[in-house]
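Asker: Starting off with a structure, shown below.
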């Protein structure tokens, strides 16, 4: 077995496994989650993962193939292959960390609505009676929420309001005038 063929076998194996992982992830089969009924602190995505490991061997194999193809000696080829592998490892690991940092919970925290402005969608009766509704342009979505107000006069649709408080998913508003 020649030096070239050792690098070539590593490159082909890593490429095949990488392609298989890619195809599985396209169909949602590349990730395996286990369901536990316990609280955990949540883990940050680290550099060490299966994908970054495959990236190392992919870079190592093809870097060695290229170095051998250029006629470099075995020691220089191993150094070039290791450099290429580590570079691929870092690129993939840091890319995955960045991509995972883009995740968002998406859960609406009603406390963030205090002080926001919106408009009455369905007129709000006076005297803290239910039945009204407001629209609020929250940064993540347009919200339609049940609303009450402390004033005695009915607030008609289209009136600009400010959220004063939130309790049990119902916002208390006051008119902006």
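Asker: Taking only region 139-171 into account, find how many residues are in contact with a strand residue (DSSP E or B) (Cβ under 9 Å, 6 or more places away or on another chain), in contact (Cβ under 8 Å) with a residue 24 or more places away in the chain, closer than 17 Å to residue 108 by Cβ and not in a loop (DSSP other than H, G, I, E, B).
Answerer: Count: 9.
Asker: Going residue by residue through region 96-104, is there one that turns out to be buried (at least 18 other Cβ atoms within 10 Å of the Cβ), touching a helix residue (DSSP H, G or I) at 6+ places or on another chain (Cβ under 9 Å), farther than 30 Å from residue 173 by Cβ and in the same structural domain as residue 25 (by TED's automatic domain parsing)? Working first, answer last.
Answerer: Pass one, region 96-104, residues buried (at least 18 other Cβ atoms within 10 Å of the Cβ): none.
No, that holds for no residue.
Asker: Continuing with this model, one more query. For residue 120, all conditions in the list (1) assigned to a strand (DSSP E or B); (2) free of Cβ contacts under 8 Å to residues at least 12 places away in the same chain hold save one; what is the number of the exception?
Answerer: Among (1) assigned to a strand (DSSP E or B); (2) free of Cβ contacts under 8 Å to residues at least 12 places away in the same chain, residue 120 violates only (2).
Asker: A follow-up question, please. Here are some residues: 47, 21. Which one is within 20 Å of residue 98 (Cα to Cα), at pLDDT 65 or above, assigned to a loop (DSSP other than H, G, I, E, B) and in contact with a helix residue (DSSP H, G or I) (Cβ under 9 Å, 6 or more places away or on another chain)? Full working, then the answer.
Answerer: Values: 21 fails: assigned to a loop (DSSP other than H, G, I, E, B).
Matching residue, one of 47, 21: 47.
Asker: Can you confirm whether residue 93 is out of contact with any strand residue (DSSP E or B) (no Cβ under 8 Å at 6 or more places or on another chain), surrounded by fewer than 14 Cβ atoms within 10 Å (Cβ to Cβ), closer than 30 Å to residue 9 by Cα and touching a residue at least 40 places away in the same chain (Cβ under 8 Å)?
Answerer: On the way: out of contact with any strand residue (DSSP E or B) (no Cβ under 8 Å at 6 or more places or on another chain): yes; surrounded by fewer than 14 Cβ atoms within 10 Å (Cβ to Cβ): no; closer than 30 Å to residue 9 by Cα: yes; touching a residue at least 40 places away in the same chain (Cβ under 8 Å): yes.
The answer is no for residue 93.
The values are calculated or read from the model by the stated rules, or taken from the named source; none is laboratory data. Because the structure is predicted, anything quoted here is derived from the model rather than measured. Heads up, the Cβs are rebuilt from the backbone with ideal geometry, glycines too, and the neighbour counts pull from every protein chain shown.
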